[in-house]
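The values are calculated or read from the model by the stated rules, or taken from the named source; none is laboratory data. As the structure is a prediction and not an experimental result, all values here were calculated from the model. Using ideal geometry, Cβ is built from the backbone for each residue, glycine included, and neighbour counts are taken over all protein chains shown. Heads up: the accessible areas ignore ligands, DNA and RNA and are worked out on the full protein's heavy atoms, side chains in. Shrake-Rupley method; radii C 1.70, N 1.55, O 1.52, S 1.80 Å.
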Amino acid sequence: MSDWIDIASLDDVPQRGARVVKTTQGCVAVFRTANDEVYALDNSCPHKGGPLAEGIVHGASVTCPLHNWVFSLETGLAAGADEGQVATYRARVLNGRIELEAAFLAARSAA
């Protein structure tokens, strides 16, 4: 059984938007879809380092704001002809709060 760490209210992240969690190992983007699903990915596009939290969320995907690469929020894989993958982390909503898996936060060590 995993332990989870509360990071924010679901209402703190707009639908089809994201917020950034800063850690000593880099920033993580926490996304909320139109259906209130949450996903956590590295905030850096593998193509040119674009800030994914500033991208456009559509369905279960995000489009990088720099060069329009599209990534699955579920798998982190680039779509279409683009190649690459963004690291994903376990996230969930419980009682209206967004939680990230504690093992992830321990490994990244919050800044």
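Accessible area per residue for the chain, computed on protein heavy atoms with a 1.4 Å probe, is 54 Å². How would you classify segment 19-71 from its alpha-carbon gyration tensor, with a ≥ b ≥ c the square roots of the eigenvalues: rounded for a/c under 1.5, else prolate if a/b is greater than b/c, otherwise oblate? Judged from the Cα gyration tensor, segment 19-71 comes out oblate (a/c at least 1.5, b/c at or above a/b). Solvent-accessible area assigned to carbon and sulfur over the chain amounts to 46 percent, based on a 1.4 Å probe. According to the Kirkwood relation over distinct C-alpha pairs, the hydrodynamic radius of the chain is 13.8 Å.
Relative contact order of the chain: 30 percent, from C-alpha pairs under 8 Å at least 6 residues apart in sequence. From a point 7 Å beyond the Cα of residue 8 in the direction of its Cβ, which residues of segment 35-61 have a backbone N at a distance under 19 Å? In segment 35-61, the label zone of residue 8 (backbone N under 19 Å from the point 7 Å along Cα→Cβ) covers 35-45, 50-61.
Here the chain is treated with +1 on each Lys and Arg Cβ and -1 on each Asp and Glu Cβ, and its dipole about the Cα centre works out to around 180 debye.
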